[in-house]
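Readers should treat all values here as calculations from the given coordinates under stated rules, not as data from a laboratory. Predicted model only: the values in this text are computed from it and were never measured. FYI the Cβ positions are ideal-geometry reconstructions off the backbone, even for glycines, and counts take in every protein chain you see.
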Amino acid sequence: MKAKILELLRRNGDYVSGQELCKILNVSRTAVWKSIRSLENEGYHIEAVRNKGYRLIEDAGEVSAKETPDIYSAHEIKSRLEDISGVRDVLFFDTIDSTNSECARRAEAGEEGGLLVVSEDQTLGRGRRGRTWQSPHGVNVYFSLMIRPDISPGCAPMLTLLMALAVCMGMEKIHDGAVRKAPGRKGSRRHTPDSPLIKWPNDIVISGRKCCGMLTEMSSEEDYIRHVVIGVGINVRHQDFAPDIRDTAISLDDAWDMKVKRSILIAGIMNEFGPLYEEFKKECNLGFVRALYLDRLVNAGRKVKVLSPSGDYEAVARGINESGELLVETEDGNIHKINSGEVSVRGVYGYV
């Protein structure tokens with residue numbers, strides 16, 4: 001109920017009468033009042049005026065110079081999700097072993113797709129290729145989305161690239177306020193040094209340093225998918241990174257010199273992912289986002305080092321194909337298709 005009350009107050013932007021809230025929610029005035037009081041205890045600023053109703057105040061200038069609260073909860077995230085997000089439910093944990101693992105457990109127990117699991121920390125967070133993902137409490141974003149797509153198992157790896165694009169676009173809207181379009185090119189934007197960019201296939205970087213990673217896991221039979229879980233970890237608050245990643249990691253707050261609100265970040269990402277996912281399911285390829293992806297590919301047109309079991313080599317990144325493979329051009333002019341499950345790609349002189 002609290003998520004719905006927040007959504008209604010935000011959508012209206014002015015006073016909403018208690019009677020109207022009761023009618024929409026099909027509950028008593030007492031139930032509405034108790035939810036309002038609970039929200040106030042969490043830090044929301046809600047003004048109540050007789051014969052007018054309730055109004056949510058989120059402008060710091062209206063709150064006696066207090067900073068608008070950064071509230072991180074299931075109902076705060078839900079209240080900011082749009083119908084297009086495709087998220088059916090949000091579960092929020094203070095601590096958990098892994099949001100990916102929790103999604104998988106619930107999927108195996110019969111939970112419907114569209115489940116978003118969020119946690120303040122993870123005790124067993126993990127990344128690609130069995131790496132550990134540092135998951136300290138209260139400073140970052142850790143969430144996983146469980147879906148049950150009616151697509152072939154071979155299409156599932158493309159979902160990682162789709163989520164990477166959604167994360168990048170969600171971050172853009174927080175940083176820039178809106179995606180700026182360059183003249184003559186649909187979906188392109190003018191990048192600044194602190195713009196979020198994609199390092200194929202599953203990292204987001206700012207100023208050449210990683211702020212986000214993704215891990216996609218699938219349960220399937222030979223010809224159909226039981227479920228897919230896409231996990232996302234984002235460095236948000238200032239923190240002391242471990243020595244092995246200190247030179248290559250960065251947090252959003254430090255990169256942008258601002259305090260990013262985590263609930264808004266998650267909801268913004270899912271509001272971007274939902275429409276992309278719906279379009280993807282129609283064709284099961286990434287042709288419709290190739291231009292958007294190329295515009296945000298940090299290595300586009302630059303030399304990269306391809307780390308392959310058959311031998312490392314250097315090439316120039318040229319974008320992705322419809323299957324999400326990275327296209328690289330070697331000195332002889334040949335174009336090679338790089339599969340994320342087989343090789344890694346690094347910058348010639350470092351991480352990017």
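Worth pointing out:
- Across the chain, the longest piece that holds none of the trypsin sites (Lys or Arg not before Pro) lying in DSSP loops with up to 16 other C-beta atoms within 10 Å covers 303-352.
- Relative to the longest principal axis of the Cα atoms of the chain, the long axis of helix 262-283 makes an angle of roughly 60 degrees.
- Here the 3J(HN,Hα) profile of segment 97-111, calculated from phi with Karplus coefficients 6.51, -1.76 and 1.60 at θ = phi - 60°, is 5, 7, 5, 4, 5, 5, 4, 5, 4, 5, 5, 5, 7, x, 4 Hz, Gly and Pro shown as x.
- Longest stretch of the chain clear of exposed loop sites (chymotrypsin sites (Phe, Trp or Tyr not before Pro), DSSP loop, at most 14 other Cβ atoms within 10 Å, sites excluded): 1-223.
- Potential extension, His336-Ser207 segment - 0.36 nm per residue separation minus Cα distance: 43.7 nm
- Asp240/Glu47 FRET efficiency (R0 41 Å; Cβ-Cβ; nearest 0.05): 0.55
- Cross-link pairs beyond the 25 Å C-alpha cut-off, checked among Lys173/Lys199; Lys4/Lys282; Lys34/Lys173: Lys4/Lys282; Lys34/Lys173
- Under Karplus coefficients 6.51, -1.76 and 1.60, residue-wise ³J(HN,Hα) of segment 153-168 in Hz, glycine/proline x: x, x, 8, 4, x, 5, 5, 4, 5, 5, 5, 4, 5, 5, 4, 4
- Global size of the chain: 21.6, 77 Å for Rg and Dmax (C-alpha atoms, Rg to one decimal, Dmax whole).
- For Val16, the shell of other residues with beta-carbons less than 12 Å away shows a net charge of +2, using +1 for Lys and Arg and -1 for Asp and Glu.
- The label-point distance for Asp257 and Met1, in a model that sets each label 7 Å from Cα toward Cβ, rounds to 4.6 nm.
- Computed over the chain, the per-residue total of -39500 (n - 2.57) for DSSP H runs of n ≥ 4 gives a 222 nm mean residue ellipticity of -9000 deg cm²/dmol, rounded to 500.
- Distance-filtered residues of segment 260-299 - backbone nitrogen under 17 Å, label point 7 angstrom along Glu82 Cα→Cβ: 264-280
- For Ile225, the residues 5 or more places off, or on other chains, whose built amide H falls under 5 Å of its own are Ile151.
- The label-point distance for Asn26 and Ser220, in a model that sets each label 7 Å from Cα toward Cβ, rounds to 4.0 nm.
- One chain, two ends: Arg290 and Arg37. Fully extended at 0.36 nm per residue, the span grows by 86.3 nm beyond their Cα-Cα distance.
- A straight chain from Asn12 to Lys305 at 0.36 nm per residue would run longer than the Cα-Cα distance by 100.3 nm.
- Note on the chain: dipole from Cβ charges, positive end direction compared against Ala267, Gly287, Val16; the farthest Cα belongs to Val16.
- Considering only GluC sites (Glu not before Pro) in DSSP loops that have at most 16 other Cβ atoms within 10 Å, the longest stretch of the chain without any of them is 113-220.
- Unit Cα scatterers, Debye sum, segment 211-352: log10 I(q)/I(0) for q = 0.08, 0.17 Å⁻¹: -0.29, -1.27
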